[in-house]
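To start, the structure under review is shown below, and the notes come after it.
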Amino acid sequence: MKKKLVPRVRQLTVVAACAYLAGCGGGGGDGGGVSEGRFQAISFKYPGGNTLLNGPTALSATATSGLPVSFRTGTPTTCTVADKQVTLLAAGDCLVIASQPGGADSDGTVWAAADDSSQVFVVLKHAQRPLVPVGIVLRGATPVNITLPDKTDAGMPATYTSTKTPEVCTVSGTTLKVLQQGFCALGVTAAENDSYTALPEGQAFIEIGSMPPAVVPLGGATQTVVLGSVDTNGNALTYASTTPAVCTVAGNELRLNAKGSCAVTLSSAAGTSEKLQVLADPLLVSSGFGLDPRSSVGWTDAYRTWQGGRVTVNPWSSTLAAGWERCNTKADNGDSIDNWCYSKIADDGLSLLSALRLPESKWTPGNWQYGFNRIDVFSPWLIGFKPDDDTLNGLKVTEEKTLNFTLGVNADLYAASKPFVVHLDLGKSNKNNCNVTLSTLVWVPKPGMVSYSVPLDNFAVTEACDLPGLTKASLDDDVRKLPNPYDSTGAPVNEAAFKAALDKLATSRASAATVLKSSSVVRTRFWLMDINENNKTDGITASDLTLKGLIYFQ
């Protein structure tokens with residue numbers, strides 16, 4: 001037998017960590033383990049990144065011997081270890097130690113005890129959130145006073161600062177004064193405690209209207225909607241949930257408790273009734289756009305969704321010099337005269353306009369040009385792709401069947417009969433700046449804002465990055481040639497032809513469905529690849545896209 005080789009530097013790792021933390025318990029890998037045998041080492045995956053109150057984290061480590069690895073904590077007041085899981089108890093440093101005492105494997109080979117391997121990470125406090133309602137159903141006269149919760153979900157006193165939408169709502173103490181229907185942006189602060197981080201000037205957004213919000217992300221907690229008690233004529237209003245597994249009504253409060261479709265019956269003392277519906281906790285790409293900045297000329301990647309995802313906008317045409325230099329005409333004094341390719345977020349943050357407008361002074365319809373209009377929306381808290389690895393933090397599609405969004409085009413673009421492409425760019429990559437892309441074509445049934453529910457089954461793989469096991473369709477020759485299912489009135493009279501063309505992409509669509517379940521959606525792209533070239537209004541050939549901020553999978 002060979003004596004094990006002891007790498008002294010590795011052995012000091014746990015010793016040094018224990019000395020630094022002054023709280024280690026138990027012995028090292030050499031104490032009580034097999035002293036002779038083949039050398040083995042432990043590879044211990046980093047277990048940090050979780051926060052307090054989020055449940056345990058699975059521990060993963062392997063020994064080169066293939067023998068099982070055990071775990072223990074070196075900081076029992078900060079974290080505990082049981083059943084190969086670490087549970088966080090308090091903010092601070094957590095030390096987890098992995099051991100393998102040695103022994104014989106299934107082939108009879110005897111392995112010496114491995115040197116302990118450790119991971120030290122900082123236990124982070126849980127994020128604190130305000131408990132304000134996500135919506136207020138307003139049916140009666142205004143103003144209306146609403147009492148806001150005096151504490152956050154951490155049990156800390158909540159301080160409400162002046163609103164950024166004073167025409168819609170104002171606040172004094174915990175009293176919110178509702179002035180009209182609209183979008184109320186409310187500042188909230190709270191101090192930290194032992195388990196929760198401080199809430200430094202957080203934003204709470206309340207949708208105020210005659211109906212409850214159409215879609216509400218739960219964020220792992222019950223969300224509430226304040227229900228108006230009277231209508232404009234003074235008639236009393238009552239509410240009852242018909243989907244108690246998803247939502248309940250308590251007094252004048254609708255409580256959204258679980259994922260699904262919430263159905264509520266509103267009854268008036270006048271003898272009328274109506275059905276209200278809220279979609280609770282869909283897989284949310286975005287619910288709106290940040291208001292800083294609020295506009296840009298030409299290409300920009302400065303926008304963000306309310307969920308922290310990057311938004312990139314690019315209205316581009318070769319007729320405007322290199323595509324952007326002539327977007328913004330200026331007078332001799334430098335003041336802007338007109339914008340020809342620009343973007344702008346609505347005052348309420350609920351929609352984004354990407355405008356591409358070709359003036360006849362720069363281009364004559366019929367001449368050659370190349371142009372497009374594109375809006376990219378990254379999934380929550382993502383701003384890009386990893387260039388040399390898979391991007392892991394996108395939206396994980398499991399049981400969802402459709403991609404839902406609202407997008408509008410101008411009348412001249414609709415008359416030009418130009419569809420747009422929707423891409424789902426996945427986290428799966430070839431680890432060399434190429435990510436798998438799924439695509440489908442969407443035809444426009446009418447001008448103006450249209451709500452779409454696009455089946456995920458319509459998407460085909462159009463970029464496979466030379467990865468094995470993926471069947472690719474051609475974006476230009478297959479997807480972009482799907483026929484228009486609508487007639488001039490917007491009726492789907494040619495739907496059979498559209499489905500027949502989709503059926504020809506069945507293999508690639510099946511491949512898309514498989515890879516979608518095994519990866520995640522990092523970016524959702526709305527791309528007008530053929531712009532309006534023929535229809536002018538007031539000397540402008542326009543190809544505008546207006547995208548609502550609410551984008552989700554359901």
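Annotations for the structure displayed:
- Any hit, the range 195-206, residues being charged (D, E, K, R) and modelled with pLDDT of 90 or more: no
- Among (1) more than 24 Å from Thr312 (Cα to Cα); (2) modelled with pLDDT under 95, the one test that Ser511 misses: (2)
- Residue pairs meeting the criteria (Cβ under 9 Å; at least 6 apart or on separate chains; first over 19 Å from Ala90 (Cα atoms) and not assigned by TED's automatic domain parsing to the domain that holds Val86, in the range 44-63; second buried (at least 16 other Cβ atoms within 10 Å of the Cβ) and hydrophobic (A, V, I, L, M, F, W, C)): none
- Against the list (1) hydrophobic (A, V, I, L, M, F, W, C); (2) within 17 Å of Thr222 (Cα to Cα); (3) not in a strand (DSSP E or B), the condition Ala270 fails is (2).
- Restricting attention to the range 377-402 and to residues that are modelled with pLDDT under 90 and of a type in the set (A, V, I, L, M, F, W, C), the residue that is farthest from Ile345 (Cα to Cα) turns out to be Leu392.
- Verdict on Leu227 being crowded, with 16+ Cβ neighbours inside 10 Å, within 17 Å of Ala141 (Cα to Cα) and outside the structural domain of Gly308 (by TED's automatic domain parsing): yes
- Selection status of Gln277, in a loop (DSSP other than H, G, I, E, B) and in contact with a Pro (Cβ under 9 Å, 6 or more places away or on another chain): no
- Subset of the range 50-67 [under 24 Å from the mean Cα position of the chain (by Cα) and farther than 13 Å from Val96 by Cβ]: Thr51, Leu52, Leu53, Asn54, Gly55
- Note on the range 398-414: residues that are in contact with a strand residue (DSSP E or B) (Cβ under 6 Å, 6 or more places away or on another chain) and outside any strand (DSSP E or B) amount to 3.
- Each residue in the range 215-224 was checked for being touching a residue at least 60 places away in the same chain (Cβ under 8 Å), more than 16 Å from Glu253 (Cβ to Cβ) and surrounded by fewer than 14 Cβ atoms within 10 Å (Cβ to Cβ), and 1 pass.
- A single member of Thr489, Thr462, Thr437, Thr471 is free of Cβ contacts under 8 Å to residues at least 24 places away in the same chain and β-branched (Val, Ile, Thr), and it is Thr489.
- When the range 68-83 is limited to residues that are at pLDDT 95 or above and surrounded by fewer than 18 Cβ atoms within 10 Å (Cβ to Cβ), the one that is nearest to Ala112 (Cα to Cα) turns out to be Pro68.
- Members of the range 415-435 that are within 18 Å of Phe526 (Cα to Cα) and touching a strand residue (DSSP E or B) at 6+ places or on another chain (Cβ under 8 Å): Lys418, Pro419, Phe420, Val421, Val422, His423, Leu424, Asp425, Leu426, Gly427, Asn435
- Residue within the range 306-325 that is assigned to a strand (DSSP E or B), modelled with pLDDT of 95 or more, in contact with a Pro (Cβ under 6 Å, 6 or more places away or on another chain) and crowded, with 19+ Cβ neighbours inside 10 Å present: no
- Failed item, numbered, when Gly384 is tested on (1) in a loop (DSSP other than H, G, I, E, B); (2) farther than 14 Å from Asp425 by Cα: (2)
- Total residues in the range 363-376, condition modelled with pLDDT under 85 and in contact with a strand residue (DSSP E or B) (Cβ under 9 Å, 6 or more places away or on another chain): 3
- The range 466-482 - residue that is more than 17 Å from Ala513 (Cα to Cα) and touching a Leu at 6+ places or on another chain (Cβ under 9 Å) and, of those, surrounded by the most Cβ atoms within 10 Å (Cβ to Cβ): Leu482
- Against the test of being in contact (Cβ under 8 Å) with a residue 24 or more places away in the chain, over 30 Å from Pro47 (Cβ atoms), touching a Phe, Trp or Tyr at 6+ places or on another chain (Cβ under 9 Å) and buried (at least 18 other Cβ atoms within 10 Å of the Cβ), the options Ile97, Ile146, Ile136, Ile206 yield a single qualifying residue, Ile206.
- Of residues in the range 207-264 being among the hydrophobic types (A, V, I, L, M, F, W, C) and part of a loop (DSSP other than H, G, I, E, B), the one farthest from Leu186 (Cα to Cα): Ala245
The values are calculated or read from the model by the stated rules, or taken from the named source; none is laboratory data. Please read these numbers as outputs of a predicted model, since none were measured by experiment. When we count neighbours, we look across all protein chains shown, and the Cβ atoms used for this are built from the backbone with ideal geometry, even at glycine.
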